[in-house]
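To start, the structure under review is shown below, and the notes come after it.
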Amino acid sequence: MSMAKETPLLPVEDVREAALFFVVGALCFLAALATLSAKSTYGAAKSWTAEVQGELTVSLPDVDRRGADEARKVIAETEGVREARVLTKAEIDALLEPNFGSRGLPDSLPLPQLVAVKADPAVADMGPTIARRLTEAGFANAVDEHADWAGDVRRVLGVARLTALIAVALLASTAVAVIAFATHAALLARRDIVDVLHLAGARDRFIAGLFERRFWVLGLRAGTVGALLALGAAALMIFTVQAHGSRAGLLPELSLDFLDLIILVVTPVIAGFASRFAARITVIRALKGMM
Amino acid sequence: MTHPRYDLFDDVAVRLDSVSLRYDTSEDILSDIDLVLKPGSFSFLTGASGAGKTSLLKLLYLALKPSRGEVSLFGRPTSNLTRDQLSALRRRVGVVFQEFRLLEHLSAYENVALPLRVLGRREADYRADVEELLAWVGLGERLHAKPPTLSGGEQQRVAIARAVVTQPDILIADEPTGNVDPEMGTRLMRLFLELNKRRKTTVIIATHDLGLVRQVEAPVYRLANRLLVKDVEYGPDTVARRRTDPGKGI
């Protein structure tokens, strides 16, 4: 007689395991998506804040175009300023278009002249320095440092990132709890097998190993499906954003890079380990109740 | 028990010192039991239904902890052993459960081989032994059959084969011939006696079957009123009967 392959000591429980597979897969999908979102948000914030670092806008309320040009020269001569440029009427109209529509502003409406400044981000107090020099030169002015806005954006995005990380942690904990619950149910359902193995002299780790292997494979498979679904969802979002071009300008720039793929590859491995860990702890604790 | 009466190096297979057992808050099921089984001894345990035979056996195969007293196996008190040490002791004890406890998703062959898998033995190393053992209990043609397709007697024989496949130092059997015909019962008893004589396996069999008890010259312990007594009815009688009527033995 040849016994090609030993029958697993734990019988396969199709219905129960299909339900658990679905739950773990869904949790992995959500966790992977939350992680990708957190990373994407962080990347977008970093890129945007780096872009506006060192940028300033100087508003000159009481001057005409020629006066603005003289003020620009004062600004350009300030140490640390790399570039200063007076915005054209068309550029100012474009800036105000969201508030006043596309037909432009009447010439009679008094508007300040605007100077866009790019300065060395490493030089401190650029805004107050420019404001002081303009005042000394006799120009009323208001200086807006974009970095002030960037700080606010960073804080908001920091909270968003933290929220995403908490979501990932909660999803992972939920997965562990669900698997622990499922292991406990499987243990109760298979109490007869556990008893026989126990009384045949099987050590606790031998019995736990049976459940660990079962749930490790389940976690790995379910995690893979969840990660693939997350990849699909992310790809769909990227495709949609790219298809709508400038209309999606408020969204962070989305892409899938190497790190994203690492996240997706690691997700099933973490799910597998979490499943294994939950199963081991549950079984060992339950066996402690037996002599 | 206030003073455990055991010796670490006792030459005993099983020793119970003032053992009592109760479940939850109920009354004692077993009370103040003392028992010594020497290595290589053969004993019967009898008693009415509900007398506590199965509970006593559970204490012997370390499925239950006594509420009071001490259970020692091979001279080792079990109350303070680690879980791994308890597992090591259990490996030296073969058990035939009253309700068989076969794993339904495994074949007869795999059920018998189960303790060997637990021991980490390779299938190639034990295959012939398991097949031979199953053939000996009359199941050579039913190696692949799953328990639900086996009769009660066949399941019992698989359970017995599983209990003895590792050639344990102690064999504990709870009503091992309850579901087999007299001829098979006699064969199984012969297997137990062979294990006892050739391997010096300590055997204790719980049974209602007084006919079975009378087949063997062996001490009989009887549980009654939560107490264990060495029965005077069957033990000496058995010897006397066998001396005058040798044809009655196995």
Inset, instruction - Please report the Cα spread of chain B along all three principal axes, rounded to whole Å, starting with the longest. - result: 53, 50, 35
Legend entry - For the protein assembly as shown, calculated [θ]222 nm from helices alone, where every DSSP H run of n ≥ 4 adds -39500 (n - 2.57): -18000 deg cm²/dmol
Inset, instruction - Taking the Cβ of each residue in A:VAL58, B:VAL137, A:VAL24, B:VAL229 as the centre, tally the other Cβ atoms inside 10 Å and list the residues starting with the fewest. - result: B:VAL229, B:VAL137, A:VAL58, A:VAL24
Legend entry - Neighbour-count order for B:SER31, A:SER40, B:SER20, fewest beta carbons within 10 angstrom listed first: B:SER20, B:SER31, A:SER40
Legend entry - Residues A:VAL153 and A:ALA243, FRET efficiency given R0 of 35 Å [Cβ-Cβ distance, rounded to 0.05]: 0.85
Inset, instruction - Give me the number: length gained by fully extending A:ALA140 to A:GLU97, i.e. 0.36 nm times residue separation minus the C-alpha to C-alpha distance, one decimal in nm. - result: 12.9 nm
Inset, instruction - Loop sites only, by DSSP: take the GluC sites (Glu not before Pro) in chain A that have at most 12 other C-beta atoms within 10 Å and name the longest stretch containing none of them. - result: A:80-291
Inset, instruction - Sort B:PHE192, A:PHE21, A:PHE239 so the one with the fewest other Cβ atoms within 10 Å of its own Cβ comes first. - result: A:PHE239, A:PHE21, B:PHE192
Legend entry - Spin-label model distance (nm) - B:GLU132 vs B:GLN167, 7 Å beyond Cα toward Cβ: 0.9 nm
Legend entry - In order through the range B:33-38: 3J(HN,Hα) via Karplus (6.51 cos²θ - 1.76 cosθ + 1.60), integer Hz, x for Gly, Pro: 8, 10, 7, 10, 10, 6
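Throughout, read-outs are computed from the coordinates displayed, never taken from laboratory work. What you see is a predicted model; the values in this text were computed from it and never measured. Cβ: placed from backbone, ideal geometry, glycine included. Neighbour counts: every protein chain shown.
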